[in-house]
Amino acid sequence: MPPLGHLHMEHVLQAVGVLEAVILRSFGPEGGQVLFTRDTGQAMLSRSGTRILTALHLEHPLARMVVECVWKHSSATGDGSKTFILLLASLLRLIHAAASKESNVSHSYSSTKAAEASTARHLADKLLAFGLKELDELIATGVVPYGGCISWEDFTVEAQTPSLTNNLCVQKLLRSFFHTRCGYTHCDFSSHLTCELLSHWKFKNQLPSFSLQLVSDYFPALHTPVSGFPVRSSRLIEGQVIHRDFATPPLKTDHQPVKAVVLTGSMQPTLLSTGDVILHFSSWMESSLQGIIAKLQTLGVCVLLSAVKQSAAVLALATQAEMCLVECVSEDELSLFSQLTTGSLALSVISKTGINAVLYVHVAFQDSEERITIKPYSLTEETAYRSIAIQPIQKCVLKPGCVLSAGGLFELLLHYALLQHGHSSSVSPDLNIDASVSQLLANALLSVPQKIYSHSPHHFLDLHCCREGDKLSKVSELDLGLESVSCKYQLLLAVLQCVASLLKVDAVLPTHTALHTQSRRLTRTSWEGTEDEGED
């Protein structure tokens, strides 16, 4: 691309094509993991499309623009980043081919490139208008009847009870989700562990989405990474694990309930006011601390959870008063602690609780019928599945709650629905949508199952040629899991919006300052916690 150049379709295709080449290596049932290394020796091994894309050092502004669109979509739905790139590349190629044909008969522009750009923008706008106007109805009539429905009860049912069909659907949904991130090896185990975790989270007088959102928001606080053990050694621990050790001796009494106080700052003032005498200030400070500790004792407080490191005087007074003090507790852990507790709680504080020879504080909560109906659980794993982000489950549970067999079935069904729509007279004259738009989108969708079955083309031919009623059984035989229909719909809309945005860019103006701070932030986010990334 020239230093100051006008962008053409070839530039857009080239930028997206590079991203597609990276993603293809980890896409589909036979896709592998991608290994990233830094000059410092830090390594990251992942199948997650979002992690892979955001870890790339991209200088091309269009590539950064695409990755930001993918990141925003993945943040909303938690899944679909690899399919996003594949659909985007396929749509751009088809738009370019269609624009090239139409530009040959156009005489309104000074050059062929200008005619192609105008035609491509026009097609992208028509596709987006079609997606916003017609796509949801087409999915409802042509795709949803072939799927099933999952409710909140299917997630919260106890694993020991024979909930049979629906509980198996939940595990298949999670299995498909985990497979895109850690491969086949740990899919079943991770989905089963997640189902068990969700079955222990249920808040009274709250919507089902509240529990799911709570797990998603506080997953780093709920999760304890442990290195050196296999993934299958992961287990649930009842209560909350605070990832700090005691700064003072732990409780030696068994009286309940035990009361705790959360401290967000230092108990000891560290600054002198103008005119204060150091001797008098020190004396006042000591008496003030003694008064605070005495007041806490009268309230029955035995545990202090502090977000900052306290002074030696505070530690000495807390030890003298037989109070447990835990310092430097993370903001997420304190926030989760506040969410789970009311006025008082029962704490089972174990100073020597060790996970892989690391000492932590363990908090066991007393059941409270007014606040929480089931005890919370913390998750301990060898790997940090922080990308689990329960959003895709939430999207699936909410309206309409439809799931479909994974493996390209959604794209195939919508492909035929779009073809039928193009051949029918049910177009929107007010939006000037013609059959070519349906045909173009249908052909782009077909690229997804083609890539899924690239290692076994006969499977794709069987699916493509069989009757619609037989597609479900053929895909189900492959047992690739389930996927959310609503997430797929949002994915299509996000891709169409990205296409329209890309084709509106006419030129790139280079600068000597670093303006792409968002791209650098995404790269840092992708590399966070890479030492805990799962391995097959």
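The values are calculated or read from the model by the stated rules, or taken from the named source; none is laboratory data. Please read all numbers here as calculations on a predicted model, not as lab measurements. Heads up, the Cβs are rebuilt from the backbone with ideal geometry, glycines too, and the neighbour counts pull from every protein chain shown.
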Quick one: is residue 473 outside any helix (DSSP H, G or I) and modelled with pLDDT under 80?
no
Considering (1) in contact (Cβ under 8 Å) with a residue 60 or more places away in the chain; (2) of a type in the set (Val, Ile, Thr); (3) surrounded by fewer than 17 Cβ atoms within 10 Å (Cβ to Cβ), say which one residue 23 fails and leave the rest.
(3)
Filtering the stretch 297-310 down to residues that are surrounded by fewer than 20 Cβ atoms within 10 Å (Cβ to Cβ), touching a strand residue (DSSP E or B) at 6+ places or on another chain (Cβ under 9 Å) and not in a loop (DSSP other than H, G, I, E, B) yields 301
Across the stretch 23-53, the tally of residues that are among the β-branched types (Val, Ile, Thr) and within 13 Å of residue 85 (Cα to Cα) stands at 3
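Yes/no matrix, rows are residues, columns are (1) assigned by TED's automatic domain parsing to the domain that holds residue 82; (2) more than 19 Å from the chain's Cα centre (by Cα); (3) farther than 22 Å from residue 451 by Cα:
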{"residue": "13", "(1), (2), (3)": "yes, yes, no"}
{"residue": "16", "(1), (2), (3)": "yes, yes, no"}
{"residue": "21", "(1), (2), (3)": "yes, yes, no"}
{"residue": "26", "(1), (2), (3)": "yes, no, no"}
{"residue": "32", "(1), (2), (3)": "yes, yes, no"}
{"residue": "35", "(1), (2), (3)": "yes, yes, no"}
{"residue": "40", "(1), (2), (3)": "yes, yes, yes"}
{"residue": "58", "(1), (2), (3)": "yes, yes, yes"}
{"residue": "62", "(1), (2), (3)": "yes, yes, yes"}
Being at pLDDT 85 or above and hydroxyl-bearing (Ser, Thr, Tyr), is that true of even one residue in the stretch 314-325?
yes
Being in a helix (DSSP H, G or I), more than 27 Å from residue 114 (Cα to Cα), free of Cβ contacts under 8 Å to residues at least 60 places away in the same chain and of a type in the set (A, V, I, L, M, F, W, C), is that true of even one residue in the stretch 33-50?
no
All-but-one check, residue 112 against (1) without any contact (Cβ under 8 Å) to a residue 24 or more places away in the chain; (2) buried (at least 20 other Cβ atoms within 10 Å of the Cβ), failing number (2)
If I filter the stretch 487-536 down to residues being more than 24 Å from residue 46 (Cα to Cα) and in contact with a strand residue (DSSP E or B) (Cβ under 7 Å, 6 or more places away or on another chain), which single residue comes out as modelled with the lowest pLDDT?
508
Looking for whichever is part of a helix (DSSP H, G or I), modelled with pLDDT under 90 and surrounded by 16 or more Cβ atoms within 10 Å (Cβ to Cβ) here; the options are 100, 118, 90. Which one fits?
118
Residue 71 is checked against (1) at pLDDT 85 or above; (2) surrounded by 23 or more Cβ atoms within 10 Å (Cβ to Cβ); (3) in contact with a Ser or Thr (Cβ under 7 Å, 6 or more places away or on another chain) and fails just one. What number does that condition carry?
(2)
Out of curiosity, is residue 6 at pLDDT 80 or above and under 19 Å from residue 507 (Cβ atoms)?
no
The stretch 442-458 residues that are outside any helix (DSSP H, G or I), paired with ones that are modelled with pLDDT of 85 or more (beta carbon under 7 Å, 6 or more apart)
446/411; 446/415
The residue from 197, 164, 135, 173 that alone is out of contact with any Lys or Arg (no Cβ under 9 Å at 6 or more places or on another chain) and modelled with pLDDT of 85 or more is 135
